[in-house]
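The values are calculated or read from the model by the stated rules, or taken from the named source; none is laboratory data. The structure displayed is predicted, hence computed values, not measured ones. Here the Cβ positions follow ideal geometry from the backbone for every residue, glycine too, while neighbour counts run over all protein chains shown. Accessible surface is based on the protein model in full, side chains and every heavy atom, while ligands, DNA and RNA are left aside. Shrake-Rupley method; radii C 1.70, N 1.55, O 1.52, S 1.80 Å.
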Amino acid sequence: MQIQVLQKDELSTLKELISGYTGFTFTASREHTLVQALSAFSKVHNCTSLLQFEHMLRTSDALMKKFTESLLIHETYFFREKDSLAQLISLLEKKNDGNNTGASVARIWSAGCSTGEEPYSLALLLLESAFKANFRIVGTDISQQAINHAGNAHYSEWSLRSLNSAQREKYFERGLKTYRLKDETAKQRVTFVKANLTEENQLSREWSNLDAIICRNVLIYFEQQAISKIAKIFFHQLKPGGILLTGASDPPLIGCADFEVEYTATGIVYRKPELQIYKAARRSQAATPMKSRKSINKPVVVTLNSTAQANAASAGHAKTTFEKAMQLYRTGQWQDVVKLLAPQPSISRSLLIRSLLNLGRTEEATILAEAACQNEPLDATNHLLLALVMMSEQRQRDAAAIIKKALFLDRNYIVAHFLLGISCFCTGDRNQALKSMKNAQNLLNALPAGAAIPLAEEESREQFQANVQRYLTII
Ligand SMILES: C[S@@+](CC[C@H](N)C(=O)[O-])C[C@H]1O[C@@H](n2cnc3c(N)ncnc32)[C@H](O)[C@@H]1O
């Protein structure tokens, strides 16, 4: 027996079910694929009514996976839309001043990578760029079959259709029926993970704070709600200044997240705005002759917390608002943090001021930070917030004086030592910069492995240590 669909609207519940799971939208041609898959599956599973089949899908994750797998389109090939791959590499090189010294590793996510042709193409091109082998790529796809195929790195003639014979020779070894990707470095640099883009972010922490994301010819199949959700996940996963490229036929993501948008001949470039503090650090850097300027371009995400904030958060309503604001801040929705906290700044002055700074609203941030210092002069975090405002205005000397006040109140404030190091570095006081970074390093070393840094929210001891180390190398 198999289910016969007589009316299109009979399918609406099934479509909703599949959309909820995969984010797919069903155009007329996709509807046809759905009907075909439904007929085939109902026959195999001996299912006679649509209601029964929907119930089976709801109750069996395995069946849902298998059914959605049959609806996927894995069409891809090596060096597809090669201009956009080249553009990505050139943008990353520019970010690194066009000269990758090996000190930094570009980390890239190929989302909806199908059978791996896209991330491997990118890897092969990166190996021939200034990055050489200094990159890592994670390729994700909802399909386990596609991920397994990608891991094997054996391809048919069809996948190589845009390559000339010299390129085939260069990158592949011909077998009986397939071509094997023979560049071992390219293979080592790419990791494959099965992940559904419409579920909460499934990438591990290792793959956060990325330099770039490439998601081409995937969003074209998705409905608007899913597209907005995925855009926000991408925004969250990028580091400030990080880049997102989509495909030429993908829907635009304008308004879906707080990306800066640039229209180029090759396509739209979405960029996560840089944090104000790093823009400021870079501007000061440009005016200050230093041993090496390049590395300061790599932003270090500094996030502060405060005891006052934690206390405020302990009350019921304040706690919920604080958590909401924190969630918005983490996903880069600073506009919304300001909207939420401006009427009740005491819930988290830190989040409010940092959001204003990230939005470039320095004047308001100054007023708030100064008021906080006046009202609670013994809270070290308030002084640090004021120092952050000054750093964003390139007033590095004033910032250093204020950070010293914060350290007078709390000698073990790791983030304060770190910021003092940066501001002294920017004013050319190399000795003090070195001393402060070393203080931060010693305090970090005294923490147990994996510990969260006191008064810093997001970064683990190891991540923060890496940031401190990076500055120690360039000072
Ligand atoms: C047409 S291929 C694009 C491959 C490659 N990005 C390219 O441009 O050549 C689309 C891929 O997106 C994957 N995909 C579809 N829905 C997905 C989802 N919800 N999460 C992750 N991947 C998904 C499909 O399995 C398929 O392999």
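Quick look at the values:
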item: Residue satisfying condition, being more than 17 Å from Ala433 (Cβ to Cβ) and out of contact with any strand residue (DSSP E or B) (no Cβ under 7 Å at 6 or more places or on another chain), within set Leu368, Leu407; result: Leu368
item: Helices (runs of 4 or more DSSP H) contained entirely in region 377-475, each with at least 2 residues that are open to solvent by less than 50 Å² (accessible area, probe 1.4 Å), farther than 25 Å from Lys239 by Cα and outside the structural domain of Arg205 (by TED's automatic domain parsing); result: 380-392, 396-409, 430-445
item: All positions within region 30-51 that are in contact (Cβ under 8 Å) with a residue 12 or more places away in the chain, open to solvent by 20 Å² or more (accessible area, probe 1.4 Å) and more than 14 Å from Leu72 (Cβ to Cβ); result: Glu31, Val35, Ser39, Ala40, Phe41, Lys43, His45, Asn46, Thr48, Ser49, Leu50
item: Test: Ala106 is away from the ligand (no atom under 16 Å from the Cβ), closer than 16 Å to Ala186 by Cα and in contact with a strand residue (DSSP E or B) (Cβ under 6 Å, 6 or more places away or on another chain); result: yes
item: Hits in region 176-225 - residues which are open to solvent by 30 Å² or more (accessible area, probe 1.4 Å), among the basic types (Lys, Arg) and within 16 Å of the ligand (Cβ to nearest atom); result: Lys194
item: Scope region 114-128; condition of a type outside the set (A, V, I, L, M) and within 14 Å of the ligand (Cβ to nearest atom); matching residues; result: Ser114, Thr115, Gly116, Glu117, Glu118, Pro119, Tyr120, Ser121
item: Subset tally (residues that are among the charged types (D, E, K, R), over 16 Å from the mean Cα position of the chain (by Cα) and farther than 14 Å from Phe135 by Cα) for region 185-214; result: 1
item: Output for region 62-99, where each listed residue is among the hydroxyl-bearing types (Ser, Thr, Tyr), surrounded by fewer than 17 Cβ atoms within 10 Å (Cβ to Cβ) and in contact (Cβ under 8 Å) with a residue 24 or more places away in the chain; result: Ser70
item: Sole residue being among the small types (Gly, Ala, Ser), more than 16 Å from the ligand (Cβ to nearest atom) and in a helix (DSSP H, G or I), chosen from Ser90, Ser84; result: Ser90
item: Filter pass, Ala37 being within 28 Å of Glu206 (Cα to Cα) and modelled with pLDDT of 85 or more; result: no
item: Filter result (touching a residue at least 40 places away in the same chain (Cβ under 8 Å) and surrounded by 21 or more Cβ atoms within 10 Å (Cβ to Cβ)) within region 349-376; result: Arg349, Ser350, Leu351, Arg354, Leu357, Asn358
item: Lone unmet requirement of (1) more than 15 Å from the ligand (Cβ to nearest atom); (2) modelled with pLDDT of 90 or more; (3) loosely packed, with under 12 Cβ neighbours inside 10 Å for Glu54; result: (3)
item: Within region 19-29, considering residues that are crowded, with 16+ Cβ neighbours inside 10 Å and of a type outside the set (S, T, N, Q), the one farthest from Thr115 (Cα to Cα); result: Phe26
item: Top-ranked residue of region 130-158 - restricted to ones that are more than 10 Å from the ligand (Cβ to nearest atom) and open to solvent by less than 20 Å² (accessible area, probe 1.4 Å), ranked as farthest from the chain's Cα centre (by Cα); result: Tyr155
item: Failed item, numbered, when Tyr120 is tested on (1) under 22 Å from Lys194 (Cβ atoms); (2) part of a loop (DSSP other than H, G, I, E, B); (3) of a type in the set (Phe, Trp, Tyr); result: (2)
item: Residue list for region 247-272, filter: under 19 Å from Thr25 (Cβ atoms), open to solvent by 20 Å² or more (accessible area, probe 1.4 Å) and either in contact with a Phe, Trp or Tyr (Cβ under 7 Å, 6 or more places away or on another chain) or within 16 Å of the ligand (Cβ to nearest atom) (or both); result: Ala248, Ser249, Pro251
item: Residue count, region 226-246 (criterion: of a type in the set (Phe, Trp, Tyr) and away from the ligand (no atom under 15 Å from the Cβ)); result: 1
item: Members of region 159-175 found to be more than 16 Å from the ligand (Cβ to nearest atom) and within 23 Å of Ile213 (Cα to Cα), listed by number; result: none
item: Contacts under 9 angstrom Cβ, first residue in region 162-174 being touching a residue at least 24 places away in the same chain (Cβ under 8 Å), partner charged (D, E, K, R), 6 or more apart; result: Ser162/Arg80; Ser162/Lys82; Leu163/Lys170; Tyr171/Lys182; Tyr171/Asp183
item: Hits in region 233-269 - residues which are in contact with a Ser or Thr (Cβ under 9 Å, 6 or more places away or on another chain) and in a helix (DSSP H, G or I); result: Ile233, Phe235, His236, Gln237
